[in-house]
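S.K.: Structure provided below as structure tokens; questions to follow.
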Amino acid sequence: MEQEEFVATLVHADEYKYQINRVTGLTTQRIQFLNRKFASKVGGEVIAIPIEQCVFIAYRDKRPLHIIVLGALLSLVTWGPFVYLAMYWSSISPTPYVRVGLLLMGGVTGLRMTFGARRHELIFALRGRRDVKWMSRPGDFKYKQSAVNKVVEFAREKGLLMRRSR
């Protein structure tokens with residue numbers, strides 16, 4: 001029997017409250033899964049699932065279309081007042097009241113939603129049980145890249161990797 005080695009930590013302990021019913025980490029012998037505990041102050045408990053129960057590990061680079069479209073629309077809407085000011089500058093009263101900070105904040109938020117919507121998704125298909133998943137949080141794509149690469153490499157070595165279509 002080979003010795004258990006650490007592969008990757010997908011969720012740190014301080015993020016557990018946001019990642020209930022998700023995979024938290026992977027070793028060469030087990031999948032660590034954060035299971036929800038009903039009516040508990042802690043919120044969940046980490047369960048070890050033997051890697052032998054895993055049929056395949058699928059990886060997807062998700063780009064949620066609805067968030068991208070919503071971000072683009074928000075960015076476009078925030079440019080509306082600037083276009084209005086440029087077109088009707090001569091007919092505006094001498095004391096226009098425009099909340100520039102709010103418009104800039106809306107525009108930046110829209111751009112962030114548009115270009116920061118990418119997510120990692122790992123699906124662990126288990127024999128005789130439901131699939132367990134892990135999905136990175138919005139904006140964490142770059143930060144979780146190394147951990148995901150380690151999981152994908154581990155799955156490739158074990159022959160468990162399966163590409164999922166978008």
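S.K.: Taking the criterion of being loosely packed, with under 15 Cβ neighbours inside 10 Å, modelled with pLDDT under 90 and among the aliphatic types (A, V, I, L, M), would at least one residue in segment 48-58 satisfy it?
M.R.: Scanning segment 48-58 turns up no residue that is loosely packed, with under 15 Cβ neighbours inside 10 Å, modelled with pLDDT under 90 and among the aliphatic types (A, V, I, L, M).
S.K.: For segment 1-31, enumerate the residues that are in contact (Cβ under 8 Å) with a residue 60 or more places away in the chain and assigned to a strand (DSSP E or B).
M.R.: 7, 8, 9, 22, 23, 24, 26, 31
S.K.: Further, regarding this structure: Of these, 160, 73, 111, which one is hydrophobic (A, V, I, L, M, F, W, C) and in contact with a Phe, Trp or Tyr (Cβ under 7 Å, 6 or more places away or on another chain)?
M.R.: 160
Residue by residue, here is whether (1) in the same structural domain as residue 81 (by TED's automatic domain parsing); (2) touching a helix residue (DSSP H, G or I) at 6+ places or on another chain (Cβ under 9 Å) holds:
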| residue | (1), (2) |
| --- | --- |
| 107 | yes, yes |
| 110 | yes, yes |
| 122 | no, yes |
| 131 | no, no |
| 134 | no, yes |
| 137 | no, yes |
| 140 | no, no |
| 146 | no, no |
| 150 | no, no |
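S.K.: Let me ask another. Just checking, which of 156, 118 is in contact with a strand residue (DSSP E or B) (Cβ under 7 Å, 6 or more places away or on another chain), over 24 Å from residue 46 (Cβ atoms) and either surrounded by 15 or more Cβ atoms within 10 Å (Cβ to Cβ) or free of Cβ contacts under 8 Å to residues at least 60 places away in the same chain (or both)?
M.R.: Testing whether each residue is in contact with a strand residue (DSSP E or B) (Cβ under 7 Å, 6 or more places away or on another chain), over 24 Å from residue 46 (Cβ atoms) and either surrounded by 15 or more Cβ atoms within 10 Å (Cβ to Cβ) or free of Cβ contacts under 8 Å to residues at least 60 places away in the same chain (or both) leaves just 118.
S.K.: Further question: When you check residue 38 against the structure, is it under 27 Å from residue 142 (Cα atoms), out of contact with any helix residue (DSSP H, G or I) (no Cβ under 8 Å at 6 or more places or on another chain) and not basic (Lys, Arg), yes or no?
M.R.: Against the criterion (under 27 Å from residue 142 (Cα atoms), out of contact with any helix residue (DSSP H, G or I) (no Cβ under 8 Å at 6 or more places or on another chain) and not basic (Lys, Arg)), residue 38 does not qualify.
S.K.: Inside segment 59-82, can you point out the residues that are part of a helix (DSSP H, G or I), exposed (fewer than 13 other Cβ atoms within 10 Å of the Cβ) and at pLDDT 85 or above?
M.R.: Matches in segment 59-82: 65, 66, 76.
Results for (1) touching a residue at least 24 places away in the same chain (Cβ under 8 Å); (2) of a type outside the set (D, E, K, R), shown as yes or no for each residue.
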site	(1), (2)
56	yes, yes
62	yes, no
65	no, yes
68	yes, yes
74	yes, yes
82	no, yes
85	no, yes
89	no, yes
92	no, yes
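S.K.: Kindly list the number of the only condition in (1) part of a helix (DSSP H, G or I); (2) within 27 Å of residue 141 (Cβ to Cβ) that fails for residue 85.
M.R.: Only one criterion in (1) part of a helix (DSSP H, G or I); (2) within 27 Å of residue 141 (Cβ to Cβ) is unmet by residue 85, namely (2).
The values are calculated or read from the model by the stated rules, or taken from the named source; none is laboratory data. Computed from a prediction, not measured in an experiment: that's the story for all the values here. Backbone-built Cβ (ideal geometry, glycine too); neighbour counts: all protein chains shown.
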